[in-house]
Amino acid sequence: MAKDFPTRAENYAQWYNDLVIKANMAENSAVRGCMVIKPYGYAIWEKMQAALDKMFKDTGHENAYFPLFIPKSFFSKEASHVEGFAKECAVVTHYRLKNDPNGKGVIVDETAKLDEELIVRPTSETVIWDIYRTWIQSYRDLPLLINQWANVVRWEMRTRLFLRTTEFLWQEGHTAHATSQEAVAETEQMLNVYADFVENFMAVPVLKGIKSPNERFAGAVETYCIETIMQDGKALQAGTSHYLGQNFAKAFDVKFLSKENKLEYVWGTSWGVSTRLIGALIMAHSDDNGLVLPPKLAPTQVVIIPIWKTDEQLAAISVKVNEIKKNLQARGISVKYDDRDTYKPGWKFNEYEFKGVPIRLVIGPRDFENGTVEVSRRDTLEKATYQLQDIETKVEHLLQSIQDNLFQKALDYRESMTTKADSWEEFVDLLDNKGGFILAHWDGTPETEQEIKEKTKATIRCIPLDVKPEEGKCILSGKPSANRVVFARSY
RNA sequence: CGGGGUGUAGUACAGUUGGUAGUAUGCCUGGUUUGGGACCAGGAGGUCGUCGGUUCGAGUCCGGCCACCCCGACCA
């Protein structure tokens, strides 16, 4: 199954594509740009959902569900929002089909035209703020902290499995607050939740920052983001959190009476991460042998493979393994015991390595005699023989060690791929020959940012939250700059 | 929308000057195997993307259409 796919060095894009398909995570569907998420890929999404959902609830949010369809008129109420999304909206115009009178299948029934066309949501701000108007009257109704797990559709010109698909799954948080300060604090809190998740569960280090005006969410006052770096040196935006100010409150007339009995517009935020995270997870850690999954998100954390010659041997080994399995499960570790006799051990080793299972335990007749087990870790491909005694604790520690090692490796890589550029020549050279995050001075104007993008395809990924003041000159215009910003070519 | 490519068995591909379709892998059955992708034997599986044309005869030649993939343009 893992045979015949290119290495990262040979063809990174093809490596990624083949990995997704051959590891049974997803495949293309009949509709261009839409993917089928297969059980193994979906299991990772479920793990992500479970972790994030808990974090959202721990910070006081509740889940709800808003409709897929948005009346076209809602969409145009916030000017920059509609401008940002108009080019990629799917539109429902009719609600009925009929048999083709010429006998060629079915056709749209023109008599069933909708009075008002419906937009398939590319994001739900409009439909949600329209409802918030009716939910919010008083400061006592605030803050309103809602999240929804949903699918959205954005008609992208070019798609890639997980990274950019026409339809994708995500969560979108939408909150309303009595003050600007509170809304900003919420925006920052959720950015930190995302950073925490991506670093501690996905084992991918993030750079927290704010977007330049060009890259800002359509309708936001400020967009915060977490940026990650992939093994090919390209940046990938892993999540965004938006401070919406009163933009949507004004567009949808959402007001509340304050303690002082004054009628005021509420302050909003929205924030989201999507199935794109699965793409990031794959590209951050996987190698030329296949997937490498961090233990905290791996659908199966430990696979146990028996080796035997006789039925008696298998029976004896299975008794032992089932005991180990039970003890591991008692500690919350997901275990798969693969005692199929339809595949040979070697085949299974390759299979689970390709699928990125963090730890493999092998027990054969020799181990059974000696009270040992062979332990292999996916991240380093190292093998060792352990005594069976208290194997649960050893496995638990090893899982943590793999999780830590993956993060450290990714962090070291990011450090090595973060470079300062002080001249245009240096900047272009770094982009073409090294990639990664490039710290450079920018004069702060959208025109300069645009020109850099046109010349190099690099964009400002963010202005880091912890940016240090540093006098310098813009690498393009030479005008004065107060600090460096982060440039990269990105997904 | 531009540039490039591909449509033939579940999958990946081959198919010569036009003569009625093959290889690998996977699948099924039986047996031998099992500490890094096992072996032997037998077997099932294809309106060759689609529509039309040329021809005694088209996977192959000609034309139209469709779909998908890759690279761009586009993209919070």
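The values are calculated or read from the model by the stated rules, or taken from the named source; none is laboratory data. Predicted model only: the values in this text are computed from it and were never measured. Neighbour counts run over all protein chains shown; Cβ positions are idealised from the backbone, glycine included. We work out accessible area using only protein heavy atoms, side chains counted, and drop any ligands, DNA or RNA first. Shrake-Rupley method; radii C 1.70, N 1.55, O 1.52, S 1.80 Å.
Which FRET efficiency value, to the nearest 0.05, is calculated for A:THR445 and A:THR7 with the Förster distance at 60 angstrom and r the Cβ-Cβ distance? Intermediate values should be presented prior to the final figure.
Values: r = 42 Å, r/R0 = 0.70.
Efficiency at R0 = 60 Å is approximately 0.90.
Can you tally the net charge around A:PHE69? Count Lys and Arg as +1, Asp and Glu as -1, for every other residue whose Cβ sits under 12 Å from the Cβ of A:PHE69. Let's see the in-between values first.
Values: positive: A:LYS72, A:ARG121; negative: A:GLU116, A:GLU117.
Net local charge, A:PHE69 excluded: 0.
Using label points projected 7 Å from each Cα along Cα→Cβ, tell me how many nm separate A:GLU46 and A:ASN17, to one decimal.
Using points 7 Å along Cα→Cβ, the separation is 3.0 nm.
In Å and whole numbers, how far do the C-alpha atoms of segment A:357-491 stretch along each principal axis, longest first?
Per principal axis, max minus min of the Cα coordinates gives 75, 27, 19 Å.
Could you tell me how far the Cα centroid of segment A:270-324 sits from the Cα centroid of segment A:426-470, in Å?
39
State the extension gain, in nm to one decimal, for the chain segment bounded by A:SER423 and A:PHE69, taking 0.36 nm per residue of separation less the distance between their alpha-carbons.
Numbers: separation 354, 0.36 × 354 = 127.44 nm, distance 4.91 nm.
Using 0.36 nm per residue and subtracting the Cα-Cα distance, I get 122.5 nm.
Projecting each Cα onto the charge dipole of segment A:302-404 (Lys/Arg +1, Asp/Glu -1 at the beta carbon, about the Cα centre), which of A:PHE354, A:THR393, A:LEU328 comes out farthest on the positive side?
A:PHE354
Which of the lysines could a cross-linker bridge to A:LYS468, judged by Cα under 17 Å and excluding same-chain residues fewer than eight apart?
Partners within reach: A:LYS208, A:LYS211, A:LYS420.
Can you name the helices of chain A, as whole DSSP H runs, whose Cα span along the helix axis is 27 Å or more and whose Kyte-Doolittle mean is not below -0.5? Let's see the in-between values first.
Working: long enough: A:39-58 (28 Å, -0.55); A:180-200 (30 Å, -0.37); A:311-330 (28 Å, -0.33); A:391-416 (37 Å, -0.68).
Sorted by number, the helices that extend far enough and score high enough are A:180-200, A:311-330.
Please compute the volume of the convex hull spanned by the alpha-carbon atoms of segment A:1-142 and report it per residue in Å³. Each step should come with its number before you reach the end.
Values: hull volume 32.7 nm³, N = 142.
So the per-residue Cα hull volume is 230 Å³.
Taking trypsin sites (Lys or Arg not before Pro) that fall in a DSSP loop and have at most 14 other Cβ atoms within 10 Å as cut points, what is the longest piece of chain A between them?
Values: sites that count: A:LYS3, A:ARG32, A:ARG96, A:LYS104, A:ARG158, A:LYS259, A:LYS262, A:LYS309, A:ARG331, A:ARG340, A:LYS434, A:LYS457.
Counting only loop sites that pass the neighbour cut-off, the longest clear stretch is A:159-258.
Hey, what number do you get for chain A at 222 nm if only DSSP H runs of n ≥ 4 count, each worth -39500 (n - 2.57), divided across all residues, to the nearest 500?
Values: 14 runs with 172 residues, N = 491.
Value at 222 nm, helices only, nearest 500: -11000 deg cm²/dmol.
Rg (Å, one decimal) plus Dmax (Å, integer) for the alpha carbons of chain A?
Answer for chain A, Rg first and Dmax second: 26.0, 83 Å.
So how strong a dipole does segment A:1-95 carry about its Cα centre when Lys and Arg Cβ are +1 and Asp and Glu Cβ are -1, to the nearest 20 debye? Write out the running numbers ahead of the final one.
Working: 11 positive and 11 negative charges, 26 e Å.
Here segment A:1-95 has a charge dipole of around 120 debye.
With a point put 7 Å past each Cα toward its Cβ, work out how far A:LEU257 is from A:LYS309 in nm, to one decimal.
8.7
Can you list the aspartates and glutamates whose alpha carbon is less than 16 Å from that of A:LYS325, not counting same-chain residues fewer than 8 positions off?
Within reach: A:ASP338, A:ASP339, A:GLU374, A:ASP390, A:GLU392, A:GLU396.
Report Rg/Rh for segment A:142-266, rounded to two decimals, where Rg is the Cα radius of gyration and Rh the Kirkwood radius. Don't skip to the end; give the middle numbers.
Details: Rg = 16.6 Å, Rh = 16.3 Å.
Result: Rg/Rh = 1.02.
For segment A:302-404, state the semi-axes of the equivalent ellipsoid (square roots of 5 times the eigenvalues of the alpha-carbon gyration tensor), sorted largest first and rounded to whole angstrom. Before the final figure, lay out each step's value.
Details: eigenvalues 81, 52, 30 Å².
Working through the eigenvalues yields semi-axes of 20, 16, 12 Å.
Consider a paramagnetic label point 7 Å from the Cα of A:SER138 along Cα→Cβ; state which residues of segment A:245-260 have an amide N under 11 Å from it.
Backbone N within reach: A:257-259.
Dipole of segment A:72-201, Cα-centred, from +1 at each Lys and Arg C-beta and -1 at each Asp and Glu C-beta, to the nearest 20 debye? Could you put the intermediate results ahead of the total?
Details: 14 positive and 20 negative charges, 109 e Å.
Magnitude of the dipole: close to 520 debye.
Quick check on my link table: of A:LYS296/A:LYS326; A:LYS72/A:LYS262; A:LYS38/A:LYS453, which ones sit more than 30 Å apart, alpha carbon to alpha carbon?
Values: A:LYS296/A:LYS326 19 Å; A:LYS72/A:LYS262 32 Å; A:LYS38/A:LYS453 36 Å.
A:LYS72/A:LYS262; A:LYS38/A:LYS453, as the Cα separations exceed 30 Å there.
Of A:THR187, A:SER274, A:SER212, whose Cα points farthest to the positive end of the dipole of chain A (charges on the beta-carbon: +1 Lys, Arg; -1 Asp, Glu; origin at the Cα centre)?
A:SER274
With a cap of 15 neighbouring Cβ atoms within 10 Å, and only residues DSSP puts in a loop, list the GluC sites (Glu not before Pro) found in segment A:186-289. Spell out each step's value before the answer.
Numbers: sites: A:GLU186, A:GLU188, A:GLU199, A:GLU215, A:GLU222, A:GLU227, A:GLU260, A:GLU264; in loops: A:GLU260.
Of the GluC sites (Glu not before Pro), the ones in loops of segment A:186-289 whose Cβ has at most 15 other Cβ atoms within 10 Å are A:GLU260.
When all protein chains stay in place, what accessible area (Å², nearest 10, 1.4 Å probe) is found for A:ILE70?
It works out to around 0 Å².
With contacts defined as alpha carbon pairs under 8 Å and 6 or more residues apart, what's the relative contact order of segment A:302-404 in percent? Let's see the in-between values first.
On the way: 127 pairs, mean separation 30.4, N = 103.
29 percent.
With +1 on the Cβ of every Lys and Arg and -1 on the Cβ of every Asp and Glu, and nothing else charged, how large is the dipole of chain A about its Cα centre, in debye rounded to the nearest 20? List each step's numbers first, then the result.
Working: 61 positive and 69 negative charges, 138 e Å.
Computed charge dipole of chain A: roughly 660 debye.
May I ask what percent, to the nearest 5, of DSSP beta bridges between residues of segment A:302-404 are antiparallel? The partial results should precede the final answer.
On the way: 9 of 17 bridges.
In segment A:302-404, DSSP labels about 55 percent of beta bridges as antiparallel.
Once phi is turned into ³J(HN,Hα) by the Karplus curve 6.51 cos²θ - 1.76 cosθ + 1.60 with θ = phi - 60°, what whole-Hz value does each residue of segment A:235-246 show in order, with x for glycine and proline?
8, 9, 6, 9, x, 9, 9, 10, 8, 8, x, 10
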